[in-house]
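In what follows, a single structure is set out as structure tokens and then discussed.
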Amino acid sequence: MLIRHLTFFVALAREGHFAKAAKACNITQPTLSAALRKLEEDFGARLVVRGQHFEGLTPEGERVLAWGQQIISDYESLKDDMTSVGRGLSGTLRLGVVPAAMPVVSFVTEGFRTVHPAASVEILSMSSRQIQSGLDSLELHGGITYLENEPLERVFRLPLYRERYVVVARRDRFPGDAPIDWRTIVDCPLCLLGTDLQNRRILDSIARIHGVSLKPAVVSNSYLAICSHLRRGDWISVVPHTLPYVFGLAPELAAYEIAGCPPAQSLGVVTPNRRPLAKMTNALFDVVARADIAADIEAARLGS
């Protein structure tokens, strides 16, 4: 019963609304309220600030939330561990991935599924800050994000590959194949990711080093939108070198190197820094540690 009540309480904290939390847990609102009262009786403290609506957690509620998330995660990991005995790993690996790493996420998940064919994978496109939150709340088993720039806290890190940047534009915009300098880039109509994403903040910092400022006319949190603009108009974009591999380049588009060799950024797998790790998290870490993802990515990119 404690696990069930904690699950309801964590859902309430996540949804911030009694009716929505009850619906998420597939229970009635009176059942949710009764479970909350039972938790408060057991702990001898008020956990929720009550008004006409949910108004937040008390300081005691925040402490119970942190412990509750950990207890629920450990309970789910225990169930996964017990059911995997003699049958192999099953269940769902929950992975948060920054958009810049989406082109190569399959190099991780395919290796994972090869070793654990009974398991499934849920991939969520997230900012690095959202990944941090998901790991802290134990809602994610792992993430793929930047390791050195704005590094996440309270995580284990395992490097995967280094990301560099190229300009993608119509083939007739820049005759020849000479590298493009940053002053030329900022004079063109730019389509980039938004500043809520770390890839864009990295590009902004590189541009500042070269004495210019990026002022895109179109921003998006999706590379699909950026690729759409590149195909339709006279736009240019600065993207990870892995992007052309997954999207391909239309005949009218070309990728150009950037003058000045922008510093490459390390991306890798991050997992919660705690022991014991969830069975899924351990399995992810083991698969990545045994593989040479960087070599696989480069071989596929050059062969595409």
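Just so you know, all these numbers are worked out from the coordinates, no wet-lab data involved. What you see is a predicted model, and the numbers here were worked out from it, not measured in a lab. Backbone-built Cβ (ideal geometry, glycine too); neighbour counts: all protein chains shown.
Centre-to-centre, using Cα atoms only, region 199-256 and region 25-82 are separated by 44 Å. Between ARG173 and SER106, the simple spin-label model (points 7 angstrom out along Cα→Cβ) gives 2.7 nm.
Rounded, prolate or oblate: which fits region 85-127, taking a ≥ b ≥ c as square roots of the Cα gyration tensor eigenvalues, rounded meaning a/c under 1.5, else prolate when a/b beats b/c? Taking the square roots of the gyration eigenvalues as a ≥ b ≥ c, region 85-127 is oblate. Taking the inverse of the mean reciprocal distance over all distinct Cα pairs, the Kirkwood hydrodynamic radius of region 165-256 comes to 13.2 Å.
Values (i) 21.2; (ii) 21.8; (iii) 19.6 are given for comparison; Kirkwood radius over Cα pairs in Å, derived from the coordinates here, is the one labelled (ii). Note on region 65-205: Kirkwood hydrodynamic radius from all Cα pairs is 18.0 Å, rounded to one decimal.
Taking a ≥ b ≥ c as the square roots of the eigenvalues of the alpha-carbon gyration tensor, region 40-141 is classed oblate because a/c is 1.5 or more while a/b is no larger than b/c. Each residue, ARG50 and ARG290, gets one label point 7 Å from its Cα in the Cβ direction; the gap between the two is 5.3 nm. Taking every DSSP beta bridge that has both ends in region 1-146, the antiparallel portion is near 15%. Protection proxy ranking for 182-189, 93-100, 232-239, using the average of other Cβ atoms within 10 Å per residue and placing the highest first: 93-100, 232-239, 182-189.
With contacts taken as Cα pairs under 8 Å and at least 6 residues apart, the chain reaches a relative contact order of 22 percent.
By the rule of a C-alpha distance below 28 Å, with chain neighbours fewer than 8 residues away ignored, the lysines paired with LYS279 are LYS79.
For GLU163, the residues whose modelled amide H falls within less than 5 Å of its own, excluding neighbours fewer than 5 places apart on the same chain, are GLN265, SER266, LEU267. What does a probe at ALA19 reach in region 50-66, counting residues whose amide N is under 13 Å from the point 7 Å along Cα→Cβ? Backbone N within reach: 53-54. Taking every DSSP beta bridge that has both ends in region 165-256, the antiparallel portion is near 65%. Extension gain, ARG157 to ASP187: 0.36 nm times the residue separation minus the Cα-Cα distance gives 7.0 nm.
Here the translational diffusion coefficient of region 2-81 follows from Stokes-Einstein with Rh set to the Kirkwood radius across Cα pairs; for 25 °C and 0.890 mPa s it amounts to 194 µm²/s.
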